[in-house]
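Q: Have a look at this one before I ask anything.
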Amino acid sequence: FISIGDRVLRVGALKVHPSEILPATLTYDTLRFGEFEDFPETSEPVWVLGTQFSALTEKDEILSDITSRLWFTYRKSFLPIGGTGPTSDTGWGCMLRCGQMILGQALVCRHLGRDWRWVRGQRQREEYVSILNAFIDKKDCYYSIHQIAQMGVGEGKSIGQWYGPNTVAQVLKKLAVFDSWSRMAVHVAMDNTVVIEEITKHRPHTLLPGRLSWLPNCSPRETALWRPLVLLIPLRLGLTDINEAYIETLKQCFMMPQSLGVIGGKPNSAHYFIGFVGEELIYLDPHTTQPAVEPSEDGQVPDDSYHCQHPPCRMDICELDPSIAAGFFCKTEDDFDDWCARIRKMSCSRGSLPMFELVDSQPSHLISADVLNLTPGRRGTLTRIHQLAGPKSGKI
């Protein structure tokens, strides 16, 4: 891992003195691949986003898989955010970049599949180019730093202010609504509770073929059944440090085939965690400042800087800040049913503490103050009323 606060910085086995690196533009650019220790010589399995590898016999496969993940870092020299705002996100945009990475992984799974691999210098598939274009640092790109920063204003965050995992999850949910190409449903589960009813009730109703013109590559049957689901679960796994009772559960989340990883890190220093080996988390670090990229006239994107071509960073799992957001992707309803079954099985296992609760319907103690009056209206519909439950009102 790399930590600016340390006397000696470590990337794998490589030690670097702080005087050799500029803190604001921490970068791997001057380091050579051969200087890294990629993974320890261990018989323990390496888990990366639901896929298991051997550190002894599959190091090339591990590196290929991790290199294929989209790596979003600080950028500089892009057009001012909001027209007059910052032209770089160095120093404040790390959690925003981690949000881009976890959503980027969902888009890769959605359009290319979990087993897709990036090959340097190879002309890429059209779907990949479309995904990358959605994250270019421009105001009109779906998930650009400009869009995330400006949408965050509605969440109470001024442009240039540091985000937490929950804030970036809420912003991504809002932005995904405008992405008609991917047609993903982003659900943010609050209060450490995943309510199945809240997810399944948002399935689109059957639409007539003539009304599908705004949904590209979509059949009536697909529209009626399921939209690919991105499930983001903001969690707090302790007060100031992670409660060790959650560690095994957290590991199991990385082992699920639906895993999108975890965004979190240390106070004011966000990382995108994609797996683990032994007691170490594997992560991609956004704290590298690179120039903004301009797509070519034919829409192709110079993409070398969007893939971390060095072995990733690692850190002891006990050093993780307890405030995180876990992500999962369910392309089909069967995937979601399988995820639910795995979560229920995990919650029944001994020796670990569940990180969140999975329930069929909203528990009464979590019902919003904005509730439904069960008295039918004039046409048999339910009339919405607004209630504010004071401290003496009891349960709604």
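Q: Which ³J(HN,Hα) values in Hz, rounded to whole numbers, follow from the phi angles of region 88-97 under the Karplus curve 6.51 cos²θ - 1.76 cosθ + 1.60, where θ = phi - 60° and Gly and Pro get x?
A: Running phi through 6.51 cos²θ - 1.76 cosθ + 1.60 with θ = phi - 60° gives 8, 9, 4, x, 9, x, 5, 5, 5, 5 Hz.
Q: Using 0.36 nm times the number of residues separating GLU126 and ASP360, minus their current alpha carbon distance, what extension gain do you get?
A: Extra length available between GLU126 and ASP360 comes to 80.3 nm.
Q: Sorting TRP181, TRP116 by accessible area (1.4 Å probe), largest first, what list results?
A: Output order, biggest surface exposure first: TRP181, TRP116.
Q: Now for a different question. What is the calculated FRET efficiency for THR84 to SER43, with r their C-beta to C-beta distance and R₀ = 41 Å, to the nearest 0.05?
A: 0.15
Q: Normalised by the empirical 2.2 N^0.38 Å for globular proteins, what value does the Cα Rg of region 117-182 take?
A: 1.28
Q: Collect residues whose amide H, placed 1.01 Å from N in the peptide plane, falls under 5 Å from the amide H of LYS138; neighbours closer than 5 in sequence don't count.
A: ILE145, HIS146
Q: Ok, one more. If you roll a 1.4 Å probe over the heavy atoms of the protein chains, what accessible area per residue do you get for region 73-169, in Å²?
A: Per residue, region 73-169 has 39 Å² of solvent-accessible surface.
Q: Provide the per-residue ³J(HN,Hα) series for region 134-143, in order, calculated from phi with Karplus coefficients 6.51, -1.76, 1.60 and θ = phi - 60°, each as a whole number of Hz, with x at glycine and proline positions.
A: Listing the rounded values in order: 5, 10, 4, 6, 9, 5, 9, 9, 3, 10 Hz.
Q: If amide hydrogens are placed 1.01 Å from N in the peptide plane, which non-local residues have theirs closer than 5 Å to the one on ARG183?
A: The answer is none.
Q: If you don't mind, there's one more thing I want to ask. Need the full-extension length gain, LEU239 to SER349, defined as separation in residues times 0.36 nm minus the C-alpha distance. One decimal, nm.
A: 37.2 nm
Q: Run through all the Cα pairs of region 70-196 and give the fraction in each 10 Å bin from 0, expressed as whole percent.
A: Final binned percentages: 12, 43, 33, 11, 1.
Q: Quick one: with all protein chains in place, what share of the accessible area of region 79-211 is carbon or sulfur, to the nearest percent (1.4 Å probe)?
A: For region 79-211, the apolar C and S fraction of the accessible surface comes to 50 percent.
Q: Please give the per residue accessible area of region 317-362, computed with a probe of 1.4 Å over protein heavy atoms only, in Å².
A: Accessible area per residue: 50 Å².
The values are calculated or read from the model by the stated rules, or taken from the named source; none is laboratory data. Please read these numbers as outputs of a predicted model, since none were measured by experiment. Counting neighbours? That spans all protein chains shown, and the Cβs are built from the backbone with ideal geometry, glycine included. Surface accessibility is based on the protein's heavy atoms, side chains included, excluding ligands, DNA and RNA. Shrake-Rupley method; radii C 1.70, N 1.55, O 1.52, S 1.80 Å.
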